[in-house]
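The values are calculated or read from the model by the stated rules, or taken from the named source; none is laboratory data. Computed from a predicted model, the values in this text were never measured in an experiment. Using ideal geometry, Cβ is built from the backbone for each residue, glycine included, and neighbour counts are taken over all protein chains shown. Side chains are part of the model used for accessible areas, which takes the heavy atoms of the whole protein and leaves out ligands, DNA and RNA. Shrake-Rupley method; radii C 1.70, N 1.55, O 1.52, S 1.80 Å.
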Amino acid sequence: MLIVRGAVKDYDWGVVDGLQKWSGEATGGPQAELWFGVHPGGPSPLVDYRGEPTGEHLADHFDIDAIPLLVKLLAAARPLSVQVHPPAAVAAAGWAAQDASDPRPVFSDPFEKTEMLVALGDFEAFAGWRPLHQAIDILLGLPGTAPAVSALESGDIASAIPLLLGASTPAAVRGLPDAARSAGLPAPEVAAYETVAQMYPDDAGAMLSPMLAYLTLSVGQAVYLPAGVPHSYIRGTGVEVMTSSDNVIRLGLTHKPVFVDRALEALVDDLEPQFMDTVYGELIWPVNSPFVVRMLESGIERIPAGAYRILLLIDGSARVVSDLAEIALRPGIAAVLSSDDPDAFVEADGLVAVVQSTER
Ligand SMILES: [Zn+2]
């Protein structure tokens with residue numbers, strides 16, 4: 001059993017000091033994500049029993065075979081990029097074909113990225129495709145979208161995407177909220193389009209947002225996104241669990257490079273987001289998921305050997321006990337157990353994210 005804290009990511013969409021409670025420091029700038037895992041993009045530092053850094057990282061002790069999951073705390077002040085994560089075969093082939101010296105690499109690693117967001121408060125997201133008739137209703141209210149609309153009328157999303165990106169003008173993006181309102185969408189969805197239009201007036205990717213389904217999560221609810229499903233988180237704070245990959249292929253709403261053709265290759269037609277109507281305490285186990293999560297508020301639970309396990313304290317206090325060690329967690333500190341580590345018990349008084357792999 002090892003103890004880690006998160007590696008901070010200060011992406012521009014983060015909340016100013018939004019993760020301070022868990023990062024332990026105010027920076028006066030955006031704090032977007034804290035990473036708990038071995039991914040080279042954000043290796044987690046090991047800490048001692050008092051929470052002081054030991055100078056080592058989790059990745060010094062384990063590789064991805066032992067630590068197959070990446071857990072994050074995420075705080076979004078505004079929409080993240082419209083993105084899709086590659087399925088395993090696309091990631092492996094893309095990584096192998098990629099020139100290691102490419103200054104604008106598409107792939108960060110050779111692995112699939114399948115993810116789930118568990119809301120720690122009200123959370124808004126675009127996830128998966130809207131019913132096409134509804135997307136069409138919105139797009140009909142925007143100038144220059146007739147070719148894309150006719151592609152969508154024949155169910156051809158892959159053709160509609162580049163047509164919409166090509167139809168982007170400042171006037172069209174400004175028109176998003178009115179078009180959403182005219183299409184009869186409820187006020188929170190119209191407000192989401194107001195946010196997109198305000199924050200990304202010159203971003204062609206804004207034109208793709210009408211194609212995405214809108215979703216709100218309340219505290220404890222979750223959305224599971226298999227690789228290949230398009231999405232864009234809009235706002236909120238949550239725990240994010242994923243396979244240990246940073247492969248994000250962006251279509252828009254970002255200053256980072258956009259790779260439309262590669263994103264089209266990564267899309268999977270017959271997969272959808274899974275909305276998990278859970279509350280704290282319930283096991284969150286999406287169909288075909290490589291992980292399960294339980295947000296434990298109180299009581300004692302056995303966390304058996306035989307799977308990778310990470311227990312991240314969100315609120316209050318918790319103890320993790322095994323034959324080998326006993327650890328008192330503080331918010332933002334996680335206990336990590338490989339599948340070979342013995343059974344452990346967690347005693348929670350607050351909120352602990354208990355994450356376990358299901359594949360090994
Ligand atoms: Zn994502």
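Kindly indicate whether any position in the range 96-116 is part of a strand (DSSP E or B) and either within 17 Å of the chain's Cα centre (by Cα) or outside the structural domain of Ala334 (by TED's automatic domain parsing) (or both). Checked the range 96-116: at least one residue is part of a strand (DSSP E or B) and either within 17 Å of the chain's Cα centre (by Cα) or outside the structural domain of Ala334 (by TED's automatic domain parsing) (or both). One residue stands out in the range 83-93 among those that are within 13 Å of the ligand (Cβ to nearest atom) and assigned to a loop (DSSP other than H, G, I, E, B): the one that is surrounded by the fewest Cβ atoms within 10 Å (Cβ to Cβ), namely His85. Which of the residues spanning the range 301-360 are more than 24 Å from Pro53 (Cα to Cα), in a strand (DSSP E or B) and within 20 Å of the chain's Cα centre (by Cα)? Within the range 301-360, Gln356, Ser357 qualify.
Let's see how each residue does on (1) assigned by TED's automatic domain parsing to the domain that holds Asp349; (2) touching a helix residue (DSSP H, G or I) at 6+ places or on another chain (Cβ under 9 Å); (3) at positive phi:
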site	(1), (2), (3)
Ala227	no, yes, no
Pro230	no, yes, no
Ile234	no, yes, no
Leu267	no, yes, no
Leu283	no, no, no
Val287	no, no, no
Ile303	yes, no, no
Tyr308	yes, no, no
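Of all residues in the range 228-240 being more than 11 Å from the ligand (Cβ to nearest atom) and in contact with an Asp or Glu (Cβ under 7 Å, 6 or more places away or on another chain), which is farthest from Lys21 (Cα to Cα)? Here the residue is Ile234. Can you tell me which residue is farthest from the chain's Cα centre (by Cα) among those in the range 6-56 that are surrounded by fewer than 16 Cβ atoms within 10 Å (Cβ to Cβ) and aliphatic (A, V, I, L, M)? Residue satisfying both the conditions and the ranking: Ala26.
Okay, residues lined up against (1) within 16 Å of the ligand (Cβ to nearest atom); (2) in contact with an Asp or Glu (Cβ under 7 Å, 6 or more places away or on another chain):
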residue	(1), (2)
Trp95	no, yes
Pro103	no, no
Glu112	yes, no
Asp122	no, no
Gly128	yes, yes
Ile136	no, yes
Gly144	no, no
Ser154	no, no
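Please indicate, with yes or no, whether at least one residue in the range 74-82 is within 16 Å of the ligand (Cβ to nearest atom), outside the structural domain of Ser339 (by TED's automatic domain parsing), more than 27 Å from Ile3 (Cα to Cα) and among the β-branched types (Val, Ile, Thr). Yes. Checking the stated criteria, Leu46 turns out not to satisfy the condition of being within 29 Å of Leu324 (Cβ to Cβ), within 16 Å of the ligand (Cβ to nearest atom) and hydrophobic (A, V, I, L, M, F, W, C).
State all residues of the range 57-79 that are assigned to a loop (DSSP other than H, G, I, E, B), more than 16 Å from Lys113 (Cα to Cα) and either open to solvent by 10 Å² or more (accessible area, probe 1.4 Å) or in contact with a Pro (Cβ under 8 Å, 6 or more places away or on another chain) (or both); if no residue qualifies, say none. Within the range 57-79, His61, Phe62, Asp63, Ala66, Ala77, Arg78 qualify. Given the structure, is Leu208 away from the ligand (no atom under 13 Å from the Cβ) and either over 24 Å from Val90 (Cα atoms) or not aliphatic (A, V, I, L, M) (or both)? In short, no.
Could you tell me whether Ala266 is open to solvent by less than 40 Å² (accessible area, probe 1.4 Å), under 18 Å from the mean Cα position of the chain (by Cα) and away from the ligand (no atom under 12 Å from the Cβ)?
Taking the combined requirement at face value, the residue does not satisfy it.
Going by what's in this entry, would Arg104 be described as of a type in the set (Lys, Arg) and surrounded by fewer than 16 Cβ atoms within 10 Å (Cβ to Cβ)? The answer is yes for Arg104.
Condition test on Ala222, is it buried (at least 18 other Cβ atoms within 10 Å of the Cβ), over 21 Å from Phe107 (Cβ atoms) and in the same structural domain as Leu34 (by TED's automatic domain parsing)?
yes
Filtered by the rule that a residue be within 15 Å of the chain's Cα centre (by Cα), open to solvent by 50 Å² or more (accessible area, probe 1.4 Å) and free of Cβ contacts under 8 Å to residues at least 60 places away in the same chain, the range 269-293 gives no residues.
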